[in-house]
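No lab work stands behind these numbers, since they all come straight from the coordinates. Keep in mind it's a predicted model, so treat the numbers as computed, not measured. A quick note on method: Cβ atoms are made from the backbone with ideal geometry, for glycine too, and the neighbour counts reach across all protein chains shown.
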Amino acid sequence: MSTTRSRENTRARLLEAAAQVFAEMGLEGATVEAVCERAGFTRGAFYSNFESKDALFLELAASVGEARLQAVRERVSALVGQNAIDDCDPADLVQQIMDSGADDRVGVMMMSEIRIRALRDPGFGAAYLAQEDEMVGSIAAIIQEIVDTGQITLRIGAEEAARLLMIVWEGMIVRGAMSGEDSDRLRRTGSEALGRIVELIRL
C-alpha cells in the first residue's frame, strides 16, 4: 500500500471512529484518546493526521455534509437528464431530491454540538463559518443547475436561496430530532419545510 493510500486509510478510520465515539459520548466526551482507542491507533498517528480534536470534528462534519451533497447532486442530475423537473410541483421536487439523502438523530446532535463549540471559541467559529460558506456555495451551484433548466425562476439569487434553505432545513430537523422523530420522519420534516420555502421564493 502506498504512503498516500495508507494515510487516507488512517484518516478514514479515525473519522469513522470519531463518529462512533461521538454517538456514544457526545463531542466533549469524544476525547482524542477514546477516538484513538476505537480506531486502533496511537496519539502519534492521530496528530500526524489532525492538528486537534476540533480539526477532526470539522472534517467529520464536512464529510457528512459532502456525502449528502453528492447524493443530492446525483439526484438533481438524474432529474434534469430525464426532464423530470418540467412542470414539477416545487414541494414534490424538493421531496424527490431530499429523499436521496439521510438524516438521523446522531448527525443532528453532532452538528448542534459543533455549533455550540463554535459559539464558545472564536477561532473554531471562524473555521466553522468558512466551512459553512463552502457548503452554501455548493448548494447554490445545485440550485443554479435547476434554475438553468428554465422551469423554475426565483425571486432571489441562488446563493441567497441556498443560505435560506440551509437555515430552514437545519432548524426544522433540529426541532424534529427534539420531538423524537426517526430518520424517515426527519427527512420528510426537512423536505416539507423546504418545499414551502421554495413556493415562497419562486416567481
* **Net dipole in debye of the chain [+1 Lys, Arg Cβ; -1 Asp, Glu Cβ; about Cα centre; nearest 20]** => 440
* To do: Provide, as a two-decimal number, the C-alpha radius of gyration of region 57-201 over 2.2 N^0.38 Å, N being how many residues it has.
  => 1.04
* **Extension reserve of the residue 201-residue 63 stretch, reckoned as 0.36 nm per residue once the Cα distance is removed** => 46.8 nm
* Which GluC sites (Glu not before Pro) does region 29-72 hold that lie in a coil by DSSP with at most 16 other beta carbons within 10 Å? -> 51
* Structure fact -> In whole Hz, the Karplus estimates of ³J(HN,Hα) for region 105-112 (6.51, -1.76, 1.60; θ = phi - 60°; x where Gly or Pro) are 4, 5, x, 5, 5, 4, 5, 5
* Pick out, from 72, 31, 166, the residue whose Cα sits farthest towards the positive end of the charge dipole of the chain, with +1 on the Cβ of Lys and Arg and -1 on the Cβ of Asp and Glu. => 31
* Structure fact -> Rounded to whole angstroms and listed largest first, the alpha-carbon spread of region 1-50 along its three principal axes comes to 34, 17, 15
* Structure fact -> Under 5 Å from the placed amide H of residue 154, counting only residues 5+ away or on other chains, we find 203
* To do: Apply the Karplus parameterisation 6.51 cos²θ - 1.76 cosθ + 1.60, with θ equal to phi minus 60°, to every residue of region 176-192 and state each ³J(HN,Hα) to the nearest whole Hz, in sequence, with x for glycine and proline.
  => x, 5, 4, 7, x, 5, 7, 4, 5, 5, 4, 5, 5, 4, x, 5, 5
* To do: Rank these for me by crowding, 112, 6, going from fewest to most other beta carbons within 10 Å.
  => 6, 112
* Run the numbers on the chain and let me know its relative contact order in percent, using alpha-carbon pairs under 8 Å that are six or more apart. => 23
